[in-house]
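**Q** Please read through the structure below; I'll follow up with questions.
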Amino acid sequence: MIKLFIAGYPPDIQDEELTKMFSCYGIIHSINLIVDKVSNKHKGFGFIEMLDETGADRAVAVLHGTVFKGRKITVKIADEDREKKPRVFRTNHFDNEDKVSQPNQEPTLNTKRPRKLISR
């Protein structure tokens, strides 16, 4: 089984429409369209699992970059190793954190001029 990543499809799409589109290239095992928990609307990406690799390759070759209902869709083979890879979290680099972490340093004055207030 091979998993395909799909993005850019219209938010009003139904599973049946994707099934009809992808079944021409191979047997579909499952369709998982990602939905927002609060609004129950499609987020615009999802996954399709196909049984054979040749059908998945044909679907990627034909459907990647095609326009469907006025939107250009992206179809590519999903990164299966993503679950195994640890996510990298970057630290924030704000000026205030540097000043707070060094209490012996004198605070610098902001040289930027304040906004001009206009009264009418």
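**Q** How many residues are within 21 Å of the chain's Cα centre (by Cα), assigned to a loop (DSSP other than H, G, I, E, B) and crowded, with 19+ Cβ neighbours inside 10 Å when one looks only at the stretch 1-25?
**A** Looking only at that region, the number is 2.
**Q** Going through the stretch 58-73 one residue at a time, which ones are surrounded by 12 or more Cβ atoms within 10 Å (Cβ to Cβ) and in contact (Cβ under 8 Å) with a residue 12 or more places away in the chain?
**A** If the condition is that a residue be surrounded by 12 or more Cβ atoms within 10 Å (Cβ to Cβ) and in contact (Cβ under 8 Å) with a residue 12 or more places away in the chain, then Arg58, Ala59, Val60, Val62, Leu63, His64, Phe68, Arg71, Lys72, Ile73 are the ones that fit.
Yes/no matrix, rows are residues, columns are (1) more than 16 Å from Ile77 (Cα to Cα); (2) among the charged types (D, E, K, R):
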{"position": "Ile13", "(1), (2)": "yes, no"}
{"position": "Cys24", "(1), (2)": "yes, no"}
{"position": "Ile27", "(1), (2)": "no, no"}
{"position": "Ile31", "(1), (2)": "no, no"}
{"position": "Arg58", "(1), (2)": "no, yes"}
{"position": "Val62", "(1), (2)": "no, no"}
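**Q** Out of everything in the stretch 35-53 that is farther than 15 Å from Val75 by Cβ and of a type outside the set (Lys, Arg), what residue ends up being surrounded by the most Cβ atoms within 10 Å (Cβ to Cβ)?
**A** This residue is His42.
To keep it simple, each residue is scored yes or no on (1) part of a helix (DSSP H, G or I); (2) within 17 Å of Lys3 (Cβ to Cβ); (3) out of contact with any helix residue (DSSP H, G or I) (no Cβ under 6 Å at 6 or more places or on another chain).
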{"residue": "Ile31", "(1), (2), (3)": "no, yes, no"}
{"residue": "Ile34", "(1), (2), (3)": "no, yes, yes"}
{"residue": "Ser39", "(1), (2), (3)": "no, no, yes"}
{"residue": "Phe45", "(1), (2), (3)": "no, yes, yes"}
{"residue": "Glu49", "(1), (2), (3)": "no, yes, yes"}
{"residue": "Arg58", "(1), (2), (3)": "yes, yes, yes"}
{"residue": "Val62", "(1), (2), (3)": "yes, no, yes"}
{"residue": "Gly65", "(1), (2), (3)": "no, no, yes"}
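**Q** Does the stretch 78-85 contain at least one residue that is surrounded by 12 or more Cβ atoms within 10 Å (Cβ to Cβ), at pLDDT 75 or above, on the phi < 0 side of the Ramachandran plot and part of a strand (DSSP E or B)? Working first, answer last.
**A** Let us first name the residues in the stretch 78-85 that are surrounded by 12 or more Cβ atoms within 10 Å (Cβ to Cβ), namely 78.
If we keep only those that are at pLDDT 75 or above as well, we get 78.
Pick out the ones that are also on the phi < 0 side of the Ramachandran plot and you get 78.
Still in the running and part of a strand (DSSP E or B): none.
Checked against the condition, which is being surrounded by 12 or more Cβ atoms within 10 Å (Cβ to Cβ), at pLDDT 75 or above, on the phi < 0 side of the Ramachandran plot and part of a strand (DSSP E or B), the stretch 78-85 yields no hits at all.
The values are calculated or read from the model by the stated rules, or taken from the named source; none is laboratory data. Predicted, not measured: the structure shown is a model, and the values here were computed from it. Positions of Cβ are backbone-derived with ideal geometry, glycine not excepted, and every protein chain shown enters the neighbour counts.
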